[in-house]
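Here is the structure we will look at.
Values in this text are rule-based calculations from the coordinates and carry no lab data. None of these values were measured; they are calculated from a predicted model. Backbone-built Cβ (ideal geometry, glycine too); neighbour counts: all protein chains shown.
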Amino acid sequence: MNGQDQGLARNQRLTRSSDFRAAFDGGRKAVGRRMVLYLLPRTDGRLRLGVVSSKKLGGAVARNRARRLMREVFRRNRHRLVGAADVVLVARPALLTAKWSEIEHELLDLARRSGILGDERSNG
């Protein structure tokens, strides 16, 4: 159980294809060099994450690594994000060669542009 509470709980993840489709079709889109963020506001107070990597990235190992990187950078920065929304992160090929700090910076930039990055001034 200890390893699980470090990850994203089931109610913090998108699991149904209809949820992904709704975010793609009706959500706002912020495009970065390493990933694309789709944001669909919710009314129930939850912030949920879905990650996508297509075969354009390469084989299964590369796709799985891309999804793991996006999930982990989101998980480690979740405390900075505010609001209730479904967030879908789509990997781009540059993600696989990027440094951790570059991936993290891009996620925070996309979150800021999408309006879900909290007020950083109160923390500093």
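Just order 7-15, 88-96 by mean Cβ neighbour count inside 10 Å, highest at the front, would you? Let's see the in-between values first.
Working: 7-15: 12.7, 88-96: 20.4.
Highest-to-lowest ranking by the protection proxy: 88-96, 7-15.
Apply the a/c threshold of 1.5 to the C-alpha gyration tensor of the chain and tell me whether it is rounded, prolate or oblate.
On the way: a/c = 1.28, a/b = 1.17, b/c = 1.09.
Taking the square roots of the gyration eigenvalues as a ≥ b ≥ c, the chain is rounded.
Given a cut-off of under 8 Å on Cα pairs at least six residues apart, what relative contact order in percent is computed for the chain?
Details: 180 pairs, mean separation 39.0, N = 124.
Relative contact order, the chain: 31 percent.
Which value at 222 nm does the chain reach when only helices count, each DSSP H run of 4 or more adding -39,500 (n - 2.57), with the total divided by all residues and rounded to the nearest 500 deg cm²/dmol? It would help to have the intermediate numbers written out before the result.
Values: 3 runs with 43 residues, N = 124.
Taken over the chain, the calculation gives -11000 deg cm²/dmol.
Contour minus end-to-end for THR15 and VAL31, with contour as 0.36 nm per residue of separation and end-to-end as the Cα-Cα distance?
On the way: separation 16, 0.36 × 16 = 5.76 nm, distance 2.27 nm.
So the chain would gain 3.5 nm between THR15 and VAL31.
Can you give the % of DSSP beta bridges in the chain that are antiparallel, to the nearest 5?
Values: 12 of 19 bridges.
Of those bridges, close to 65 percent are antiparallel.
Need the full-extension length gain, SER101 to ALA22, defined as separation in residues times 0.36 nm minus the C-alpha distance. One decimal, nm.
Numbers: separation 79, 0.36 × 79 = 28.44 nm, distance 3.01 nm.
Difference between extended and current length: 25.4 nm.
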